[in-house]
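The values are calculated or read from the model by the stated rules, or taken from the named source; none is laboratory data. Fair warning: this is a prediction, and the values are worked out from it, not measured in the lab. Here the Cβ positions follow ideal geometry from the backbone for every residue, glycine too, while neighbour counts run over all protein chains shown.
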Amino acid sequence: MQFNIPDTGQKRVVIVGGGFAGLTLARKLSKSKKFQIVLIDKNNYHQFQPLFYQVAMAGLEPSSIVFPLRKVFQNNKDVLIRVTKVKSVDPVQREIHTDIGSLHYDYLVLAIGADTNWYGNEQVRANAIPMKSVSEALYLRNTIFEDYERAVTAPNAEERQHYLDIVVVGGGPTGVEVAGSLAEMRNLIIPKDYSDLDRREINIHLIHGDPRLLNTMSPQASEQAEKFLRELGVQLWMDKVVKNYDGKTVFVDDGSTIRADKVIWAAGITGNTVEGLPEAARTRGNRLKTNAFNVVEGTENIYALGDIAFQQHDTPWPNGHPQVAQVAIQQGKNLASNLLKMEKGQQPSPFKYRDLGSMATIGRHKAVVDLPFWRFQGLFAWFTWLFVHLFAILGAKNKVIIFLNWVWNYLTYDQSLRLVIKPWKRTSPES
Ligand SMILES: Cc1cc2nc3c(=O)[nH]c(=O)nc-3n(C[C@H](O)[C@H](O)[C@H](O)COP(=O)(O)OP(=O)(O)OC[C@H]3O[C@@H](n4cnc5c(N)ncnc54)[C@H](O)[C@@H]3O)c2cc1C
């Protein structure tokens with residue numbers, strides 16, 4: 001069965017993944033009118049991953065950090081959207097295969113991103129909570145507030161403690177941001193909403209397998225992030241690795257254990273997989289090796305962009321570029337320009353990453369920013385973080401809603417989204 005896609009005589013670019021890389025490429029290419037673009041994603045929306053933690057912590061509505069793909073291209077007939085999961089590629093026939101059929105491509109672009117890395121531990125996967133999609137962020141929000149409700153009615157102190165304590169695994173930007181905002185929630189919200197709970201009973205643990213938090217940032221940023229988290233009352237377990245979690249107890253490599261019903265897993269990512277690509281192209285982190293033009297090793301017209309791509313030519317990045325939004329966006333732009341150049345018979349340009357810096361927020365007035373020539377922390381860093389993220393989010397309406405939410409939260413020391421909403425369908429009149 002073939003996809004229901006008309007043959008317009010234009011060359012067809014099939015882009016798999018509507019994340020930062022795929023969406024940037026589709027938007028740039030669509031302006032040229034030179035290609036038929038088929039954008040395929042398993043969701044009908046683009047997700048702004050850097051703000052997942054704010055959804056999980058009840059600071060933002062999910063709808064303000066996702067954007068419908070069809071809305072982006074509603075005025076462009078050269079872009080066709082299909083919502084399905086791409087399962088495999090046939091590089092010889094130049095086809096992709098999905099549940100809704102197969103599709104021929106002239107150029108295939110894999111911008112499929114990465115997923116949570118469980119390091120092969122099935123028990124951890126079954127019991128810990130990841131945060132790699134907006135659905136998972138919502139699940140986490142529900143779990144946190146359901147557990148506070150359970151804690152209020154727990155029959156004894158021991159059971160109450162299980163519902164209250166939270167372990168975050170991984171001290172990269174996501175783990176640090178989650179731990180910081182959980183601590184702020186404990187310090188500011190719990191006394192207001194749950195006057196019958198003692199906030200001092202809530203323990204927030206952050207376990208990190210390295211002596212330095214945010215170890216891809218500068219030593220000053222790491223040091224300050226650690227200081228901020230300690231000020232907020234987060235219990236830090238540095239240079240410790242979680243060996244297992246059975247849903248009740250976290251087992252740490254130094255032999256100690258932590259009893260907790262909730263473990264948030266932010267300990268790493270692994271590339272998403274599509275079958276049919278040359279095995280030799282797979283490399284560390286399950287990424288796809290590409291040349292300087294993002295062509296997947298062992299293929300001719302299959303490109304990989306963003307988190308899934310692994311390039312070694314760019315000298316400061318011999319172990320691949322960092323898996324961040326800017327790399328994905330810049331690779332999307334470069335490939336758009338290269339495809340257009342190739343159509344004109346010109347030489348494509350190799351990808352060169354322009355590092356704009358990195359940042360992480362820990363809480364109110366507490367952030368760390370490393371720019372290429374300037375590093376700063378604290379209040380100004382926090383405002384910088386807010387501004388950069390507001391600027392980056394897609395859609396004017398989303399920007400306004402997020403800005404208003406942030407101003408409201410800032411002025412009231414409160415968020416108003418502490419809701420447990422679960423989609424379901426009534427199956428009987430009594431249910
Ligand atoms: C919680 C969190 C916080 C982050 N914070 C920051 C930050 O502050 N700053 C920063 O720069 N980066 C941050 N990142 C990293 C950043 O989000 C990624 O580097 C970026 O999203 C990579 O873009 P991408 O286009 O390669 O992949 P993604 O944005 O992940 O997009 C991949 C897309 O492919 C789709 N897809 C996957 N497989 C298939 C398939 N088989 N078929 C169809 N569709 C498929 C997915 O649905 C998704 O839409 C964060 C990531 C997370 C998870």
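Looking at region 104-114, is at least one residue in contact (Cβ under 8 Å) with a residue 40 or more places away in the chain and closer than 23 Å to I258 by Cα? No, there is no match, as no residue in region 104-114 is in contact (Cβ under 8 Å) with a residue 40 or more places away in the chain and closer than 23 Å to I258 by Cα.
Residue-wise test of (1) more than 26 Å from N334 (Cβ to Cβ); (2) more than 10 Å from the ligand (Cβ to nearest atom).
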| position | (1), (2) |
| --- | --- |
| T24 | no, no |
| F48 | no, no |
| Q93 | yes, yes |
| S102 | yes, yes |
| L108 | no, yes |
| G113 | no, no |
| N121 | yes, yes |
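So for region 259-274 (the condition being over 24 Å from the mean Cα position of the chain (by Cα), part of a strand (DSSP E or B) and in contact (Cβ under 8 Å) with a residue 12 or more places away in the chain), does at least one residue qualify? Yes, because at least one residue in region 259-274 is over 24 Å from the mean Cα position of the chain (by Cα), part of a strand (DSSP E or B) and in contact (Cβ under 8 Å) with a residue 12 or more places away in the chain.
The strands (runs of 3 or more DSSP E) found entirely in region 102-169 that carry 2 or more residues being farther than 20 Å from N44 by Cα and of a type outside the set (K, R) are 166-169.
Summed over region 213-230, the residues that are in contact (Cβ under 8 Å) with a residue 40 or more places away in the chain, of a type outside the set (S, T, N, Q) and out of contact with any Gly (no Cβ under 7 Å at 6 or more places or on another chain) give a count of 3.
Scan region 51-66 and tell me whether some residue there is surrounded by fewer than 20 Cβ atoms within 10 Å (Cβ to Cβ), modelled with pLDDT of 95 or more and either under 26 Å from F403 (Cβ atoms) or more than 10 Å from the ligand (Cβ to nearest atom) (or both). No, every residue in region 51-66 fails to be surrounded by fewer than 20 Cβ atoms within 10 Å (Cβ to Cβ), modelled with pLDDT of 95 or more and either under 26 Å from F403 (Cβ atoms) or more than 10 Å from the ligand (Cβ to nearest atom) (or both). Being modelled with pLDDT under 95, out of contact with any Pro (no Cβ under 8 Å at 6 or more places or on another chain) and of a type in the set (A, V, I, L, M) holds for only one residue in A260, A281, A267, A225, and it is A260.
Taking the conditions exactly as written (of a type in the set (K, R), in contact with a Leu (Cβ under 9 Å, 6 or more places away or on another chain) and buried (at least 17 other Cβ atoms within 10 Å of the Cβ)), does R27 satisfy them or not? Walk me through it before giving the result.
Details: of a type in the set (K, R): yes; in contact with a Leu (Cβ under 9 Å, 6 or more places away or on another chain): no; buried (at least 17 other Cβ atoms within 10 Å of the Cβ): yes.
Considered against the rule, which asks whether it is of a type in the set (K, R), in contact with a Leu (Cβ under 9 Å, 6 or more places away or on another chain) and buried (at least 17 other Cβ atoms within 10 Å of the Cβ), R27 comes out as no.
Please tell me if K87 is more than 14 Å from the ligand (Cβ to nearest atom) and either under 15 Å from G17 (Cα atoms) or assigned to a loop (DSSP other than H, G, I, E, B) (or both). When the stated conditions are applied, K87 does not pass them. Only residues that are closer than 17 Å to D90 by Cβ and within 15 Å of the ligand (Cβ to nearest atom) were counted in region 274-315, giving 9.
Summed over region 335-361, residues that are surrounded by 12 or more Cβ atoms within 10 Å (Cβ to Cβ) and at positive phi total 1. If only residues of region 199-229 that are in a loop (DSSP other than H, G, I, E, B) and aliphatic (A, V, I, L, M) are counted, the one that is surrounded by the most Cβ atoms within 10 Å (Cβ to Cβ) is L213.
Evaluate the following for I302: is it surrounded by 14 or more Cβ atoms within 10 Å (Cβ to Cβ), touching a Pro at 6+ places or on another chain (Cβ under 7 Å) and closer than 16 Å to I112 by Cα?
On the way: surrounded by 14 or more Cβ atoms within 10 Å (Cβ to Cβ): yes; touching a Pro at 6+ places or on another chain (Cβ under 7 Å): yes; closer than 16 Å to I112 by Cα: yes.
Yes.
A Cβ distance below 7 Å, combined with a sequence gap of six or more or placement on separate chains, defines the contacts here; from region 78-99, residues that are within 25 Å of K33 (Cα to Cα) and modelled with pLDDT under 95 reach residues that are more than 14 Å from the ligand (Cβ to nearest atom) and of a type outside the set (V, I, T) in the pairs D78/S30; D78/K33; D78/F35; D78/Q36.
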